[in-house]
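We did not get these values from a lab; they are worked out from the coordinates using the rules stated. The shown structure was predicted, so the numbers you read here are calculated from the model rather than taken from an experiment. For neighbour counting, all protein chains shown are included, and Cβ atoms are generated from backbone atoms with ideal geometry for every residue, glycine included.
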Amino acid sequence: MAAGTLTSTEYIRHHLSNLTYGRHPDGSWGMAHSAEEAKEMGFMAVHVDSMFWSIFLAAVFLFFFGRVAKNISAGVPGKMQNFVEWIVEFVDDNVKDSFTHKNKLVGPLALTVFAWVFLMNIMDLVPVDLIPWVLEKFGVHFQKVVPSTDPNVTFAMALSIFALMLFFSIKNKGVGGFTGELTLHPFEAKNIFVKILLIPINFFLEFVSLISKPISLALRLFGNMYAGEMIFILIALMLTAGPVIGIFGGGLQLVWAIFHILIVVLQAFIFMTLTVVYMEMAHQTDH
């Protein structure tokens with residue numbers, strides 16, 4: 001949707017609205033045609049665009065990596081095999097630096113997280129009006145193509161990592177060990193009565209620390225990508241503000257896109273690294 005046909009506020013709201021499917025107040029099911037309708041649909045509404053693009057990008061990752069793995073050659077590798085091997089080695093080196101235990105799931109998990117988050121983030125470099133403009137021709141009212149700007153997506157990924165962390169914590173430490181980790185640290189005492197008195201304090205501190213992990217993991221990715229998307233939208237508005245401002249905006253958009261490549265890669269790397277660190281914490285039995 002062209003910025004010139006909307007006010008600045010309407011343009012920004014339009015690009016920050018998800019294509020939402022849910023139940024209308026009258027009981028019927030369908031797509032929301034405004035932000036107000038999407039809000040009325042409540043918690044059970046589905047962000048169709050976030051679902052589609054995240055699944056599509058996961059399929060792209062599986063297709064290309066699977067194709068390379070199927071056709072891998074021991075001789076001189078092609079460009080695609082070189083690229084995939086470089087990514088795998090990069091992830092493998094980082095896993096070895098942060099994870100000191102044995103678990104065949106952690107390596108593939110780290111690779112999947114890094115590649116998937118990177119692909120979702122890289123969609124931020126697609127011109128903000130391009131895909132929405134094309135899909136509008138087919139009657140699609142809203143379209144956010146960067147899944148990582150949707151907190152539902154980032155929280156879903158973070159909570160999945162958190163669930164794995166809890167699973168391996170209980171598996172490796174046992175229920176008693178995991179409970180003791182939450183209640184007997186960081187304050188310790190030899191006297192049994194003092195130790196019992198410290199349990200609520202320890203539990204409060206450790207529980208807050210535990211819960212903050214998925215929240216910070218999700219909000220860090222969402223916040224950085226959402227801010228980047230907002231800047232692209234604001235720069236796009238400059239292109240309609242006259243030739244001088246438009247030329248300046250075009251140059252600014254190029255500069256921001258180049259800088260944003262670093263953010264895209266960095267956020268994927270941070271999400272992967274923290275995932276590995278959390279898995280390492282889940283396997284530690286020192287306490």
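Data for the structure
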| quantity | calculated |
| --- | --- |
| Rounded to whole Hz, the Karplus (6.51, -1.76, 1.60) HN-Hα couplings of the stretch 238-250, x for glycine and proline | 5, 5, 9, 9, x, x, 5, 5, x, 5, 4, x, x |
| Column: log10 I(q)/I(0), Debye, Cα scatterers of the stretch 100-218, q = 0.09 Å⁻¹ | -0.44 |
| Sorted by Cβ neighbour density within 10 Å, fewest at the top, the residues 118, 271 | 118, 271 |
| Listed residues 241, 158, 257, most fluctuating in the chain (Gaussian network, C-alpha, under 10 Å) | 241 |
| Kirkwood estimate for the stretch 3-283, i.e. one over the average of 1/r between Cα atoms, Å | 21.8 |
| Sites residue 196 and residue 172 - FRET efficiency at Förster radius 25 Å, r taken between beta-carbons, to 0.05 | 0.45 |
| Gain on full stretching of the segment that runs from residue 241 to residue 189 - 0.36 nm per residue minus C-alpha separation | 12.0 nm |
| Per-pair calculated FRET efficiency, R0 = 22 Å: residue 34 and residue 130 via Cβ, rounded to 0.05 | 0.45 |
| Cleavage-rule hits, chymotrypsin sites (Phe, Trp or Tyr not before Pro), the stretch 131-235, DSSP coil, Cβ neighbours within 10 Å at most 15 | 138, 187 |
| Residue pairs, from the table 102/190; 79/137; 39/144; 79/213; 70/144; 39/213, whose Cα atoms sit over 26 Å apart | 102/190; 79/137; 79/213; 70/144; 39/213 |
| Amide H contacts under 5 Å for residue 20, placed H, 5+ residues apart | 32, 48 |
| In sequence order, calculated HN-Hα J values of the stretch 273-283 (Karplus, 6.51, -1.76, 1.60; Hz; x Gly/Pro) | 4, 5, 4, 5, 4, 5, 5, 4, 4, 5, 9 |
